[in-house]
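Here the structure comes first, spelled out in structure tokens, and everything after it is commentary.
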Amino acid sequence: MRGMVGSRRFLAFIVAVGLLAAIKLLFDFYPGGFPLSDQAAAFTWPTIAAIVLLAALGLAADRSLGFPEPFTDAKRESRGFWISVGLGAAYGVVTVARDLIDHGVHPNATGADWDHLPLPWSIPFYTFGAIFLELFLRLGLLCVGVWLIHVALLRRGFRLFVFWLVACLVAAYEIIPYVSEDIAAQRWTAVALAPLEPLYWTNVLEAGLLLRFGWVAPIVFRLAFYLIWHVLYGGLWPGIMS
């Protein structure tokens, strides 16, 4: 643990947690109201503390597992950044295209419910969400899960098999609510096809980014995706079209 404190891995973690806390303070102490303030309030300090603690354990596991340390190889960082941005933006474009195909027009033009935040609140809100989710899913659940099975249980055996097994399990987190609805409605075809949905396999893809470039890369991926889907399409376009 002593060797990790002061490392670039640790400093990157402190920056991520500090940004998370700063945005939460903005949500708590902003003197006026803002859209989706009830959702922002749902991220309570105990919840954030629990996620940070899990992520801190994941940070130690990340080091023990020998995953790439952030900001130690300029060539790798540059390549990882642009690959993560490109893939995240591509996922955002695909998501926008699917939404337009489903609705025919932007939902804002139909008067349908639209939960995306407009600017400027979309920037801190979805930045918070991206960091929060990736600290929880990738640095927390993925790294801790791989360490428990690969190191504690299997004595460092079957590293890649364990990694991808845990990655596939963690990736299911975001599709569970939709799969649960399909099970309740007995839509078995939809249940069977759920792993083919972009929401699932892009989570697996993010695990691959962590394995290749380090745990910051999935955050970059999600920020790029949120920029296209939530900020530009979800938050900016309605303002332009109104």
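What the table below lists for this structure:
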item: Only Lys, Arg (+1) and Asp, Glu (-1) charged, at Cβ; the chain dipole about Cα centre in debye; result: 1220 debye
item: Read-out Cα extents along the principal axes in Å, derived from the coordinates shown; its label in [x] 58, 40, 34; [y] 56, 48, 37; [z] 71, 35, 32; result: [y]
item: Options F10, A184, H116, ranked by Cα towards positive dipole end of the chain, top entry (Cβ charges); result: F10
item: Qualifying trypsin sites (Lys or Arg not before Pro) for the stretch 40-103 [loop in DSSP, other Cβ within 10 Å: at most 12]; result: none
item: Relative contact order [Cα under 8 Å, 6+ residues apart], the stretch 8-241, whole percent; result: 35 percent
item: Computed [θ] at 222 nm, deg cm²/dmol, the chain (DSSP H ≥ 4; -39,500 (n - 2.57); rounded to nearest 500); result: -20500 deg cm²/dmol
item: Amide H within-cut-off set for E69, under 5 Å, with H built and near neighbours excluded; result: none
item: Net lengthening on full extension, L196/L53 (0.36 nm per residue, minus Cα-Cα); result: 48.3 nm
item: T72 paired with L26, simple spin-label distance in nm, labels 7 Å along Cα-to-beta-carbon; result: 3.2 nm
item: Packing-based ranking, highest mean first, of 131-142, 204-215 given that Cβ atoms within 10 Å are counted; result: 131-142, 204-215
item: Extension reserve of the E174-F81 stretch, reckoned as 0.36 nm per residue once the Cα distance is removed; result: 31.1 nm
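Here, each number is a calculation from the coordinates, and none is a lab measurement. These numbers come from a predicted model, not from an experiment. FYI the Cβ positions are ideal-geometry reconstructions off the backbone, even for glycines, and counts take in every protein chain you see.
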